[in-house]
Amino acid sequence: MAQRIISGELIDEATLTLEDLARACSVEIDWVVERIESGLLADGSPYVASWRFTSRDLTRARRMCQLERDFEAAPELAALATDLIEENQRLRDRLRAAGLATD
Amino acid sequence: MEFKDYYQVLGVTKTATAEEIKKAYRKLARKFHPDVSKEPEAEQRMQEVNEAKAVLSDPEKRLAYDQLAQQYRSGQDFQPPPDWDSGFEFSGRGFEEADLGEFSDFFANLFGQGGRAGGGGRRYQMRGEDRHAKINIDLTDAFHGASRTITLQVPQVDPQGRVISREHSLSVRIPKGIKAGQHIRLSGQGSPGVGGGPAGDLYLEIHFTSDSRYRVEGRDVYQKVPVTPWEAALGASIETPTPSGVVKLKVPAGSQTGRRLRLKGRGIPGQEPGDLYVELEVVLPPADTDKARELYQTMAQELAFDPRQRKGG
């Protein structure tokens, strides 16, 4: 059976709203706001209504949320572990790009 | 459907305290964490562990499960007896459809909305949960765009009121210029809403299938191109396949292995397209004929070349 091809929306630079991000992580909006206000999740703008988030923010928020839930971790600790995971991935990507695969 | 021994999954005894269950869960959550685990099938194991914890850390569900577990062994064929949970009232936050989608049929049958005797009857409207899935595409798909069919497991209530898992296939357009780690949002393709509420969205996280010919960093692409010693030494115009098709490339005279040539804007397309870095690799012809050996001998005699000679003596 011929299937209809669905076109999605590409989450590029600054596409998701605060509500989108909270929903995609299955958390309350306050969860996101608290983490932005304490500098754990990035957003440059001082105006909540204009907050927009990228694919990278989504991946980061989901990772932090999972760490907090799995280990009942303090948000700062989950963010720290996430920083290290991201740094590790960046270095691995650079090694791979330099032809020095790590795995 | 097989009976799952949740105590075995968490590695605790049937008399484990809530604290022991929590501790065992955290230990396994660390071991199978998708970002760090090198264990095979870590994702699947983590799903089992989450499921076991969801049941055993909830006193009501644990009690109901314990009563059922007296009659079954792990792996044994299992069908939930009718009204198996009668007499139990599962209070608190129920399991959302999204949870059910990520858990096994066994779990969904026991604790899904439809699996409960007297369950359901929710009157309020609620938007369905967003769901997430990872898909692998070829690097060339990011250059040209493509369509991919993906299959997801979706929980659904059958006519008997049980929660079953159904396969849901979607054909998705992969837009040109997508990068690894980027998401595509498919509106309304997430979990169905409750009480006529709208469905959630489905987020697809893009990854590239590993391809030994190319390495990718953001939108930049790196590839090795083999060249002959004379092309490298004398310079040449060569043709080489790249993810965007065959390109003509000028090899500068005096090139060595490892020389990197940048083809600006030939990386992954986008508003700011990436670059393609071509790394030359000089390949020596084998000395497997008299003629080839003779040519190498001529070079040895005629060229004063010692690659081990240090600069300045």
Would you confirm whether any residue within the range B:250-267 is more than 14 Å from chain A (Cβ to nearest Cβ) and touching a residue at least 60 places away in the same chain (Cβ under 8 Å)? no
Evaluate the range B:231-242: report whether one residue or more is within 26 Å of the chain's Cα centre (by Cα) and under 30 Å from B:P285 (Cβ atoms). yes
Just give me the residues in the range B:147-185 being in a strand (DSSP E or B), among the β-branched types (V, I, T) and modelled with pLDDT of 90 or more, in sequence order. B:V172, B:I174, B:I184
Reported set for the range B:273-301 where residues are under 24 Å from A:G99 (Cα atoms) and among the charged types (D, E, K, R) is B:D275, B:E279, B:E281
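So is B:V221 outside any loop (DSSP other than H, G, I, E, B), at the interface with another protein chain (Cβ under 7 Å from one of its Cβ atoms) and in contact with a strand residue (DSSP E or B) (Cβ under 9 Å, 6 or more places away or on another chain) or not?
Working: outside any loop (DSSP other than H, G, I, E, B): yes; at the interface with another protein chain (Cβ under 7 Å from one of its Cβ atoms): no; in contact with a strand residue (DSSP E or B) (Cβ under 9 Å, 6 or more places away or on another chain): yes.
Judged against the criteria, B:V221 is not a match.
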Considering each residue of the range A:47-78, count those that are among the small types (G, A, S) and surrounded by fewer than 20 Cβ atoms within 10 Å (Cβ to Cβ), and give that number. 4
Filtered residues of the range B:204-237 (kept if in contact with a Ser or Thr (Cβ under 9 Å, 6 or more places away or on another chain) and surrounded by 14 or more Cβ atoms within 10 Å (Cβ to Cβ)): B:E205, B:I206, B:Y214, B:V221, B:Q223, B:V225, B:V227, B:E231, B:A232, B:A233, B:A236
Take the residues in the range B:1-48 that are in contact (Cβ under 8 Å) with a residue 40 or more places away in the chain and within 19 Å of the chain's Cα centre (by Cα); name whichever of them is surrounded by the most Cβ atoms within 10 Å (Cβ to Cβ). B:E48
Which one of the conditions (1) of a type in the set (D, E); (2) within 14 Å of chain A (Cβ to nearest Cβ); (3) farther than 19 Å from A:L67 by Cβ does B:D66 fail to meet, given that it meets all the rest? (2)
Check off (1) more than 12 Å from every other protein chain (Cβ to nearest Cβ); (2) under 27 Å from the mean Cα position of the chain (by Cα) for B:I206 and give me the number that stays unchecked. (1)
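How many residues, within the range A:15-59, are part of a helix (DSSP H, G or I), touching a residue at least 12 places away in the same chain (Cβ under 8 Å), among the β-branched types (V, I, T) and at the interface with chain B (Cβ under 10 Å from one of its Cβ atoms)?
Our first condition is that a residue be part of a helix (DSSP H, G or I); within the range A:15-59, this holds for A:18-24, A:29-37, A:48-50, A:55-59.
Of the ones still in play, those that are also touching a residue at least 12 places away in the same chain (Cβ under 8 Å) are A:18, A:20-21, A:24, A:31-36, A:48, A:55, A:57-58.
If we keep only those that are among the β-branched types (V, I, T) too, we end up with A:32-33, A:36, A:48.
Filter once more, so that each one left must be at the interface with chain B (Cβ under 10 Å from one of its Cβ atoms): none.
Count: 0.
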For the range A:79-103, how many residues are in contact with a Phe, Trp or Tyr (Cβ under 8 Å, 6 or more places away or on another chain) and assigned to a helix (DSSP H, G or I)? 1
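Just name the residue that is nearest to A:T54 (Cα to Cα) out of those in the range B:187-203 that are within 11 Å of chain A (Cβ to nearest Cβ) and surrounded by fewer than 22 Cβ atoms within 10 Å (Cβ to Cβ).
Within the range B:187-203, the subset within 11 Å of chain A (Cβ to nearest Cβ) is B:187-191, B:200-203.
Retained after the next criterion (residues that are surrounded by fewer than 22 Cβ atoms within 10 Å (Cβ to Cβ)): B:187-188.
Working: B:S187: 17, B:G188: 20 Å.
It comes out as B:S187.
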In the range B:134-146, is there at least one residue being part of a loop (DSSP other than H, G, I, E, B), at pLDDT below 90 and surrounded by fewer than 15 Cβ atoms within 10 Å (Cβ to Cβ)? no
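The values are calculated or read from the model by the stated rules, or taken from the named source; none is laboratory data. Keep in mind it's a predicted model, so treat the numbers as computed, not measured. With ideal geometry, Cβ positions are generated from the backbone for all residues, glycine too; neighbour counts draw on all protein chains shown.
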